[in-house]
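Engineer: Quick one: this structure, given as structure tokens, is what I'll be asking you about.
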Amino acid sequence: MAQLHLIVGPVGSGKSTFALKLCQQHAALRLNLDEWMATLFSPDRPETGLVDWYVERAERCVEQIWGIARRSISMGIHVVLEIGLIQKRDRDLFYARVDRTPHELIIYALDAPRELRRERVETRNQRRGETFSMVVPPHIFEMASDLWQPLDERECKGRNVRIIECAD
């Protein structure tokens with residue numbers, strides 16, 4: 001039976017690199033919110049009001065991504081999701097959505113020290129390699145890092161959660 005793999009963690013924690021490996025392991029479809037946002041909306045990105053602008057569009061993309069994920073799993077295709085969910089309330093809403101389906105959910109929670117994540121993001125911004133989808137300016141890195149809420153015991157209870165500490 002196909003599985004739904006959800007990867008969560010703060011910016012620069014290694015989610016995209018980990019997702020690529022999971023996709024190879026499971027011959028899975030990878031659905032990445034940042035890629036959708038960069039392709040669909042980066043040309044229209046405003047100078048001000050960025051947070052509200054981003055949130056509205058990200059929510060619409062996640063709706064579309066969820067529809068594709070559901071259909072893919074129903075066809076027997078494993079799916080790897082990188083869709084943000086840096087705050088508990090957003091993850092809880094997503095879990096409730098998955099709980100209404102027969103799909104198996106595996107959650108991978110990645111993290112790394114903030115300084116290492118900052119260095120990774122700066123390097124990714126410069127090199128624009130395989131996991132690059134958009135430039136993450138320093139102030140956005142700091143804001144997103146401050147918003148990150150790690151998984152707690154309550155959130156993990158009764159779920160298939162794998163904690164992955166990334167130190168290098």
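The values are calculated or read from the model by the stated rules, or taken from the named source; none is laboratory data. Predicted model, so just to flag it, every value in this text is computed and none were measured. We place every Cβ from the backbone using ideal geometry, glycine too, and count neighbours over all the protein chains shown.
Engineer: Select from the stretch 77-94 the residues that are acidic (Asp, Glu) and within 11 Å of the chain's Cα centre (by Cα) and list them in ascending order.
Structural biologist: Within the stretch 77-94, GLU82 is the sole residue that qualifies.
Engineer: Here's something else I'd like to know. Determine the pairs where a residue that is among the small types (Gly, Ala, Ser), located within the stretch 116-130, has a partner that is assigned to a helix (DSSP H, G or I) with Cβ atoms under 9 Å apart, the partner being 6 or more residues away or on another chain.
Structural biologist: Qualifying pairs under 9 Å: GLY129/THR123.
Engineer: Now for a separate question. Please enumerate the residues belonging to the stretch 129-168 that are modelled with pLDDT of 90 or more and acidic (Asp, Glu).
Structural biologist: Within the stretch 129-168, GLU142, ASP146, ASP152, GLU153, GLU155 meet the criteria.
Engineer: Output yes when any residue across the stretch 97-106 is polar (S, T, N, Q), out of contact with any strand residue (DSSP E or B) (no Cβ under 7 Å at 6 or more places or on another chain) and within 18 Å of GLY158 (Cβ to Cβ), and no when none is. Steps first, answer last, please.
Structural biologist: Kept after step one, since they are polar (S, T, N, Q), are these residues of the stretch 97-106: 101.
Next, only the ones that are out of contact with any strand residue (DSSP E or B) (no Cβ under 7 Å at 6 or more places or on another chain) stay: 101.
Adding the requirement that they be within 18 Å of GLY158 (Cβ to Cβ) leaves 101.
Taking every residue of the stretch 97-106 in turn, at least one turns out to be polar (S, T, N, Q), out of contact with any strand residue (DSSP E or B) (no Cβ under 7 Å at 6 or more places or on another chain) and within 18 Å of GLY158 (Cβ to Cβ).
Engineer: For the stretch 9-26, which residues satisfy the criterion of being closer than 19 Å to ILE65 by Cβ and free of Cβ contacts under 8 Å to residues at least 60 places away in the same chain?
Structural biologist: CYS23, HIS26
Engineer: Out of the stretch 100-115, which residues are without any contact (Cβ under 8 Å) to a residue 24 or more places away in the chain and either charged (D, E, K, R) or part of a strand (DSSP E or B) (or both)?
Structural biologist: The first filter runs over the stretch 100-115 and keeps only residues without any contact (Cβ under 8 Å) to a residue 24 or more places away in the chain, leaving 100, 102, 115.
Selection gives ARG100, GLU115.
Engineer: In the set LEU20, LEU6, which member is out of contact with any Gly (no Cβ under 6 Å at 6 or more places or on another chain), of a type in the set (A, V, I, L, M), modelled with pLDDT of 95 or more and within 14 Å of SER133 (Cα to Cα)?
Structural biologist: Answer to the check: LEU20.
Engineer: What tally of residues in the stretch 29-60 results from selecting those that are in a helix (DSSP H, G or I), over 25 Å from LEU110 (Cα atoms) and either touching a residue at least 24 places away in the same chain (Cβ under 8 Å) or more than 18 Å from the chain's Cα centre (by Cα) (or both)?
Structural biologist: Summing the residues that are in a helix (DSSP H, G or I), over 25 Å from LEU110 (Cα atoms) and either touching a residue at least 24 places away in the same chain (Cβ under 8 Å) or more than 18 Å from the chain's Cα centre (by Cα) (or both) in the stretch 29-60 gives 6.
Engineer: Of all residues in the stretch 4-28, count the ones that are outside any helix (DSSP H, G or I) and either buried (at least 17 other Cβ atoms within 10 Å of the Cβ) or of a type in the set (Lys, Arg) (or both).
Structural biologist: The qualifying residues number 12.
Engineer: Being within 15 Å of VAL8 (Cα to Cα) and surrounded by 13 or more Cβ atoms within 10 Å (Cβ to Cβ) is the requirement here; does LEU105 meet it? First the steps, then the outcome.
Structural biologist: Numbers: within 15 Å of VAL8 (Cα to Cα): yes; surrounded by 13 or more Cβ atoms within 10 Å (Cβ to Cβ): yes.
Criteria met by LEU105.
Engineer: Could you go through the stretch 42-65 and let me know if any residue there is surrounded by fewer than 18 Cβ atoms within 10 Å (Cβ to Cβ), aromatic (Phe, Trp, Tyr) and touching a helix residue (DSSP H, G or I) at 6+ places or on another chain (Cβ under 9 Å).
Structural biologist: Yes, the stretch 42-65 contains at least one residue that is surrounded by fewer than 18 Cβ atoms within 10 Å (Cβ to Cβ), aromatic (Phe, Trp, Tyr) and touching a helix residue (DSSP H, G or I) at 6+ places or on another chain (Cβ under 9 Å).
Engineer: Hey, does the stretch 80-96 have a residue that's surrounded by fewer than 19 Cβ atoms within 10 Å (Cβ to Cβ) and aromatic (Phe, Trp, Tyr)?
Structural biologist: There is at least one residue in the stretch 80-96 that is surrounded by fewer than 19 Cβ atoms within 10 Å (Cβ to Cβ) and aromatic (Phe, Trp, Tyr).
Engineer: Could you grab me the full set of residues in the stretch 133-168 that are more than 28 Å from GLU122 (Cβ to Cβ) and of a type in the set (A, V, I, L, M)?
Structural biologist: VAL161
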